[in-house]
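*Asks:* Take a look at this one; I'll ask things after.
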Amino acid sequence: MTVRATKEIILSAGAIGSPQILMNSGIGDPKELNPFGIKALVNLPSVGKNASDHAILDVSWTVNVTNPLDAIAENMTLFDKVFTFWKRTGGAGPLGNIPLGTTHVAWQRLPKDSPAFATTPDQASGPNSPHIELIVTVTSTLTAYSEY
């Protein structure tokens, strides 16, 4: 399939998929593309280099509750009610948060003199882009499902 654009394209296929699509489209290092029979349309040697993924740390604990969010996934009748509520309200309720139950999101940059940069170059997409993302998620409690 050939796709042509008349304006900018935003490519969002992940840390592996985006460089692969760009390189298959001829955007990348000609020395790497040519051996595969791909004509380099844009000489951009940095495509596909320095790929990194973010670390994730999941901290969980058990609480005594009567209505855990797990009940939504384990009970199709309840899921149908919550899903119907989500559709009717334009995205409200427990399905309105991605991941389920997210209450807070915070971002932070490391200082320029951080020891992390002694062995690894700064992978942020720009001077104001964060290095750390913190997501606080409630995965064990909801007060009641009566509104659904």
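*Asks:* List every residue pair whose Cβ atoms sit under 8 Å apart, with the two residues 6 or more apart in sequence or on different chains, where the first one lies in the stretch 6-17 and is under 21 Å from ALA51 (Cα atoms) and the second, anywhere, is surrounded by 10 or more Cβ atoms within 10 Å (Cβ to Cβ) and of a type in the set (A, V, I, L, M, F, W, C).
*Replies:* LEU11/ILE21; LEU11/LEU22; ALA13/ILE21; ALA15/ALA51; ILE16/ALA51
*Asks:* Is there any pair with a first residue in the stretch 112-131 that is surrounded by 10 or more Cβ atoms within 10 Å (Cβ to Cβ) and a second that is not in a loop (DSSP other than H, G, I, E, B) whose Cβ atoms are under 9 Å apart and which are 6 or more apart or on different chains, and what are they?
*Replies:* Cβ pairs passing all conditions: ASP122/ALA116; SER129/TRP107; PRO130/ALA106; PRO130/TRP107; PRO130/GLN108; HIS131/TRP107; HIS131/GLN108; HIS131/ALA116.
*Asks:* Spot the failing condition for LEU57; the list is (1) part of a loop (DSSP other than H, G, I, E, B); (2) modelled with pLDDT of 85 or more, and only one is missed.
*Replies:* Among (1) part of a loop (DSSP other than H, G, I, E, B); (2) modelled with pLDDT of 85 or more, the lone unmet condition for LEU57 is (2).
*Asks:* Of all residues in the stretch 15-49 being surrounded by fewer than 10 Cβ atoms within 10 Å (Cβ to Cβ) and among the small types (Gly, Ala, Ser), which is modelled with the highest pLDDT?
*Replies:* Filtering first and then ranking leaves GLY37.
*Asks:* Hey, another quick one. List the pairs whose first member sits in the stretch 30-46 and is aliphatic (A, V, I, L, M), whose second member is in a strand (DSSP E or B), and whose Cβ atoms are under 7 Å apart, counting only residues at least 6 apart or on separate chains?
*Replies:* Once the first residue is aliphatic (A, V, I, L, M) and sits in the stretch 30-46, its partners that are in a strand (DSSP E or B) give ALA40/GLY28; LEU41/ILE27; VAL42/ILE27; LEU44/ILE27; LEU44/GLY28.
*Asks:* At pLDDT 80 or above, on the phi < 0 side of the Ramachandran plot and among the hydroxyl-bearing types (Ser, Thr, Tyr), is that true of THR139?
*Replies:* Details: at pLDDT 80 or above: no; on the phi < 0 side of the Ramachandran plot: yes; among the hydroxyl-bearing types (Ser, Thr, Tyr): yes.
So THR139 does not fit the description; no.
*Asks:* Can you work out which of the residues in the stretch 75-111 that are polar (S, T, N, Q) and at pLDDT 85 or above is surrounded by the fewest Cβ atoms within 10 Å (Cβ to Cβ)?
*Replies:* Quick first cut of the stretch 75-111, residues polar (S, T, N, Q) only: 75, 77, 84, 89, 97, 102-103, 108.
Filter once more, so that each one left must be at pLDDT 85 or above: 77, 84, 89, 108.
Values: THR77: 7, THR84: 12, THR89: 11, GLN108: 9.
So the residue we want is THR77.
The values are calculated or read from the model by the stated rules, or taken from the named source; none is laboratory data. Since the structure is predicted, the reported quantities are computational estimates derived from the model, not experimental observations. A quick note on method: Cβ atoms are made from the backbone with ideal geometry, for glycine too, and the neighbour counts reach across all protein chains shown.
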